[in-house]
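Chemist: Got a structure for you, written out below as structure tokens; questions coming shortly.
The values are calculated or read from the model by the stated rules, or taken from the named source; none is laboratory data. Since the model is a prediction, treat every value here as computed from it, not as a measurement. Methodologically, a virtual Cβ is constructed for each residue, glycine included, from the backbone with ideal geometry; neighbour enumeration extends over all protein chains shown. Surface accessibility is based on the protein's heavy atoms, side chains included, excluding ligands, DNA and RNA. Shrake-Rupley method; radii C 1.70, N 1.55, O 1.52, S 1.80 Å.
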Amino acid sequence: MAESDQRRYPVTGFILVGFPEHQDLQSRLLSLFLTVYVLIVLGNISMLYMVTTDKRLHVPMYFLVANLAAMDVVLTSSVIPQMLVKLVFNIKVILWSNCFIQMYFFHSISAAKTLLLTVMAYDRSVAICNPQHYLSLRRDAFFVKLAGLTWVLGMASFLPPIVLTSIFPFCGPNEVYNSFCELLSVMSLICADTISVKFINLILNAVFVILSFLTILWFYIKICKLVKVASSEQRKVLATCIGHLLVLSLFFPSMVLYSALFYVSHSLPIIHIAFALVYVTLSPLLSPIIYILAAKEIRDKVAKFIRVQKVFPNVGSTVAVESH
């Protein structure tokens, strides 16, 4: 189709080429994503409930964990429900406005989560390396302000490139080779020079991914230097880093691989789609499990709940005996 003909029929929606058309495979994917989404929502909502209702968990570390759980719910809810609708009703088209709304929440919450994980590393660094200063920060609700700032910066940061992308002309084709609307996937359909948006996107990714990673690394280098001379109390606090490190090991590799694949021209679209789904689901699914296993206070609360509900009544007593 000539360019003049394309401009007579501007794109008003996008076709998400995310899954194969095989009916048996689609039904299996529906079961898989529905199960994963339910587990993600239940796990993270449960984490939020435990932190907000138990006074023992009203400390900066668990407040940040609760914010992480909220972000994971929003992140997955911006992507998976639309995928489920597509699989159930075989709807291939997403409206232009819905696509950009989904894109905004996906990128904004991803950025906010990256910043929050950096704040969590700072929280552990101060708690271990400078406990007296940490007590004053707790009293001033400093980490509450930092957590709020991660939400604000995350929601504001990717607004410029997404708004800029939305005002560019989309003349066709309108097939997005992904299972949801993502900035680089949609940007490839623009029939104009997008160097300005690509530059902004590159800078934002560098700030949020590279700078956050280096900052987290610096905090943990400080912690490691203290290990040999740490007091017994500091070594107890040191154990609380395990959950954060495990979450980082899930989040950053999947995000970096997912982003890097867009710059590898010979990679297959199905590989992009697979890594996108891993990025959206893996960390939100496993984070609540990691913190339940890594944090004694949360383990005790879960065990108490199980015992009160008389589900596996010996679990609570077993945990109580082991904790002494």
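Chemist: Consider residue 169 carefully, then state whether it is open to solvent by 40 Å² or more (accessible area, probe 1.4 Å) and over 30 Å from residue 29 (Cα atoms).
Modeler: yes
Chemist: Hey, among 174, 205, which residue is in contact with a strand residue (DSSP E or B) (Cβ under 7 Å, 6 or more places away or on another chain) and closer than 29 Å to residue 33 by Cα?
Modeler: Checking each option against the conditions leaves just 174.
Chemist: Test residue 113 against the stated conditions and say whether it is part of a helix (DSSP H, G or I), touching a residue at least 24 places away in the same chain (Cβ under 8 Å), in contact with a strand residue (DSSP E or B) (Cβ under 8 Å, 6 or more places away or on another chain) and charged (D, E, K, R).
Modeler: Judged against the criteria, residue 113 is not a match.
Chemist: Also, I was wondering about something else. When you scan region 165-265 for helices (runs of 4 or more DSSP H) that lie fully inside it, which ones turn up with 1 or more residues that are modelled with pLDDT under 80 and either under 25 Å from the mean Cα position of the chain (by Cα) or closer than 20 Å to residue 112 by Cβ (or both)?
Modeler: Counting at least 1 such residues, we get 232-238, 241-261.
Chemist: Here's something else I'd like to know. Filter region 130-141 down to the residues that are open to solvent by 40 Å² or more (accessible area, probe 1.4 Å) and touching a residue at least 24 places away in the same chain (Cβ under 8 Å), then identify the one that is farthest from residue 120 (Cα to Cα).
Modeler: Per the criteria, the residue is 131.
Chemist: Could you please give the count of residues in region 267-324 that are open to solvent by 50 Å² or more (accessible area, probe 1.4 Å), among the acidic types (Asp, Glu) and either at pLDDT 65 or above or within 28 Å of residue 175 (Cα to Cα) (or both)?
Modeler: Residues flagged as open to solvent by 50 Å² or more (accessible area, probe 1.4 Å), among the acidic types (Asp, Glu) and either at pLDDT 65 or above or within 28 Å of residue 175 (Cα to Cα) (or both) within region 267-324 amount to 1.
Chemist: When residue 31 is evaluated against the numbered criteria (1) among the small types (Gly, Ala, Ser); (2) open to solvent by less than 20 Å² (accessible area, probe 1.4 Å); (3) free of Cβ contacts under 8 Å to residues at least 40 places away in the same chain, which criterion, by number, is the only one it fails?
Modeler: It is condition (2) that residue 31 fails.
Chemist: Something else now. What's the number of the only condition in (1) over 24 Å from residue 29 (Cα atoms); (2) surrounded by fewer than 23 Cβ atoms within 10 Å (Cβ to Cβ); (3) at pLDDT below 95 that residue 124 fails to meet?
Modeler: (2) is the only condition that residue 124 fails.
Chemist: Being hydrophobic (A, V, I, L, M, F, W, C), more than 23 Å from residue 49 (Cβ to Cβ) and out of contact with any strand residue (DSSP E or B) (no Cβ under 7 Å at 6 or more places or on another chain) is the filter here; which residues of region 67-99 pass it?
Modeler: Hits for region 67-99 are 79, 83, 84, 85, 87, 88, 89, 91.
Chemist: Quick check on this structure: which one of 121, 141 is of a type in the set (A, V, I, L, M, F, W, C) and within 20 Å of residue 206 (Cα to Cα)?
Modeler: 121
Chemist: Hey, another quick one. When region 88-109 is examined, which residues are found to be open to solvent by 10 Å² or more (accessible area, probe 1.4 Å) and within 19 Å of residue 284 (Cβ to Cβ)?
Modeler: 102, 104, 105, 107 - these are the residues of region 88-109 that are open to solvent by 10 Å² or more (accessible area, probe 1.4 Å) and within 19 Å of residue 284 (Cβ to Cβ).
Chemist: While we're looking at this one, here's another question. Could you list, in sequence order, all residues of region 175-199 that are open to solvent by 50 Å² or more (accessible area, probe 1.4 Å) and not aromatic (Phe, Trp, Tyr)?
Modeler: Matches in region 175-199: 175, 188, 193, 195, 196, 198.
Chemist: Scan region 52-87 for residues that are over 19 Å from residue 33 (Cα atoms) and open to solvent by 50 Å² or more (accessible area, probe 1.4 Å) and jot them down.
Modeler: 52, 53, 55, 56, 58, 63
Chemist: Can you pull out every residue in region 56-91 that is aliphatic (A, V, I, L, M), at pLDDT 90 or above, within 23 Å of residue 15 (Cα to Cα) and part of a helix (DSSP H, G or I)?
Modeler: 75, 80
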